[in-house]
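Notes to accompany the following structure.
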Amino acid sequence: MPNRHVDAVVLGGGTMGSAVAWELGKRGRSAIVFEQFQHVHTLGAHGGDTRVFRHAYAESPDYVPLVRRADALWVALEEESGQRILERCGGLELSAPGYVHTRAARLSADEHGIPYEWLTPDEGRARWPQIAIPDDWDVLYSPVAGFLRTEPALRSMMAGATSRGVELRQHEPVTTWGADDACAWVETPSGRFTADRLYISAGPWVARALAQLGLPLHVRRKTLWWLGVEDPGAFAPDRFPVFISDAGQGENYGFPVIDEFGLKTADHSGGDHCDPDTVDRETTHAEAERLIRAIRELFPLVNGDVRRSAVCMYAMTPDSHFIMDRHPDHQNVIIGGGFSGHGFKFAPAVGEFLVELGENPDARPIPILAIDRLMAPA
Ligand SMILES: Cc1cc2nc3c(=O)[nH]c(=O)nc-3n(C[C@H](O)[C@H](O)[C@H](O)COP(=O)(O)OP(=O)(O)OC[C@H]3O[C@@H](n4cnc5c(N)ncnc54)[C@H](O)[C@@H]3O)c2cc1C
């Protein structure tokens, strides 16, 4: 098969690959996205229906400009697609004494003028009687937070790309890639494709795609749970926010009830190291017990009924900050990876940022997301 040359190829058509594709489409670029599975699946980092969206960013205030840009782009995507993607039900951050998440979120909100309310536990319990907030916990409520619906988000971004001429090739893994000063190329079972630029957005498979760099990345197996609640109406999005609870039981987070499966919740901390191709996709009774025990302390109306569970993967960097940068050896290869379990909310802003890095030689990476921090000294 003869070579085909396009402006850009995208290795991985998951969350960030869809976002890159949307941005390339909006810029009128010719591009091909290669996805090893079908577009939108449960085998990588985007399964499980919903993702928390929040602006007061405990992980670092440096993410706030990116999430603000993402907010505007999610709204634009809803307008373009006619799909409902972002539900602004509000967000609650809770921390036990000695745990810093909520105070760090407040610092970043103060630095960037993000609206929030700092509540006493009494005020919190009065507003959400279904949450048993202990008397000595920190409580921050953010009215602009909420959650994203993953499937309409990814489908809308990819539709925004393909309707502008970007090609999506599903079930077509990239088996090898390379680059020189003139161009980048990928090979797949159906041939070789060259491009001015290659975007690598391989999610949990990113360490494999970048094996020659030997980056200190690893993948964590994460479980998701949907639990039955007494009085589901009390957990509807108009009465119940997304939450993050930082305490001895872990960093548990969850969502309002939006379907018959009940309250979706998970633990952001921990998780076994795994290989994305051989990860155990079955959840266990013992894992369910552990999570239910922790979550019931805050939500006594959660009953022991596990209605659904799933396994997903985090692509981790050592400092849990992303990689959004050019490849150190190839300026025409741009990397979006290591999203460490908190990347989804930023996706359209990540896509925009990566394409700008690819096309504008003056564009610079955000310092905490630069790849050189992870490179072993020469
Ligand atoms: C359980 C869980 C909960 C999370 N909760 C939140 C949250 O509440 N808020 C938030 O903001 N973020 C959250 N995240 C993180 C967020 O979902 C991820 O950061 C984001 O989805 C990562 O996107 P990605 O494009 O890197 O990976 P993916 O979406 O997995 O996409 C990578 C794609 O690359 C493809 N691929 C890989 N190698 C190849 C190849 N060689 N050829 C072709 N295709 C290839 C894969 O098949 C996959 O489709 C959560 C993640 C998990 C797992």
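The values are calculated or read from the model by the stated rules, or taken from the named source; none is laboratory data. The structure displayed is predicted, hence computed values, not measured ones. Each accessible area value is taken on the protein alone, full model and side chains, heavy atoms only, with ligands, DNA and RNA left out. Shrake-Rupley method; radii C 1.70, N 1.55, O 1.52, S 1.80 Å.
Summary table below
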read-out	value
Set of lysines with alpha-carbon distance to K264 below 30 Å, sequence-local pairs under 8 removed	K222, K345
Rounded, prolate or oblate (a/c below 1.5 giving rounded, otherwise prolate when a/b exceeds b/c) for segment 1-42 by Cα gyration tensor	oblate
Dimensionless Rg/Rh of the chain - Kirkwood Rh, Rg from C-alpha atoms	0.98
Probe 1.4 Å, all protein chains present, accessible-area order of E111, E35, largest first	E111, E35
With eigenvalues of the C-alpha gyration tensor scaled by 5 and rooted, segment 266-310, Å	24, 12, 8
Rounded percent of accessible protein surface that carbon and sulfur make up, segment 74-189, 1.4 Å probe	48
Stretch gain in nm, segment D372-R308, where the contour uses 0.36 nm per residue and the Cα spacing is subtracted	19.0 nm
Accessible area of I368 in the full protein assembly, 1.4 Å probe (Å², nearest 10)	40
Which of W74, W205, W118 is most accessible, then next, and so on - probe 1.4 Å	W118, W205, W74
Amide H partners (placed H, <5 Å) of V6, local residues excluded	T194, A195, D196
The chain - accessible surface per residue (Å², probe 1.4 Å)	40
Helical mean residue ellipticity (222 nm; -39500 (n - 2.57) per DSSP H run of 4+; nearest 500) of the chain	-7500 deg cm²/dmol
Under-5 Å amide H pairs with D325, H placed in peptide plane, nonlocal only	I335
With all protein chains modelled, accessible area of R308 [1.4 Å, Å²]	70
Accessible surface of segment 287-353 [probe 1.4 Å, protein heavy atoms]: carbon and sulfur percent	45
Calculated from backbone phi, Karplus (6.51, -1.76, 1.60) coupling profile of segment 111-119 in Hz, x at Gly/Pro	4, 10, x, 7, x, 7, 10, 9, 10
Dimensionless Rg/Rh of segment 1-158 - Kirkwood Rh, Rg from C-alpha atoms	1.08
Note, ³J(HN,Hα) from phi for segment 172-180, Karplus 6.51, -1.76, 1.60, rounded to Hz, x at Gly and Pro	10, x, 7, 8, 7, 9, x, 7, 9
Solvent-accessible surface (1.4 angstrom probe) belonging to W137, in square angstrom, nearest 10	30
Over segment 110-165, equivalent-ellipsoid semi-axes from the Cα gyration tensor in Å	38, 15, 7
Segment 281-350: mean projected area of Cα convex hull, nm²	7.6
Between segment 1-69 and segment 254-269, the alpha-carbon center distance in angstrom	24
Stokes-Einstein translational diffusion, segment 170-300 - Kirkwood Rh over all Cα pairs, 0.890 mPa s, 25 °C, in µm²/s	134
Integer Hz, Karplus 6.51/-1.76/1.60 couplings in order for segment 40-56, x for Gly and Pro	6, 8, 10, 9, x, 10, 10, x, x, 6, 9, 9, 5, 10, 8, 9, 6
Rounded D (µm²/s) - segment 235-378, Kirkwood Rh over Cα pairs, Stokes-Einstein at 25 °C, 0.890 mPa s	136
Rg(Cα) / (2.2 N^0.38 Å) computed for segment 184-240, rounded to two decimals	2.07
Zero-based 10 Å bins, Cα pair distances in segment 138-192, whole percents	17, 25, 29, 14, 12, 2
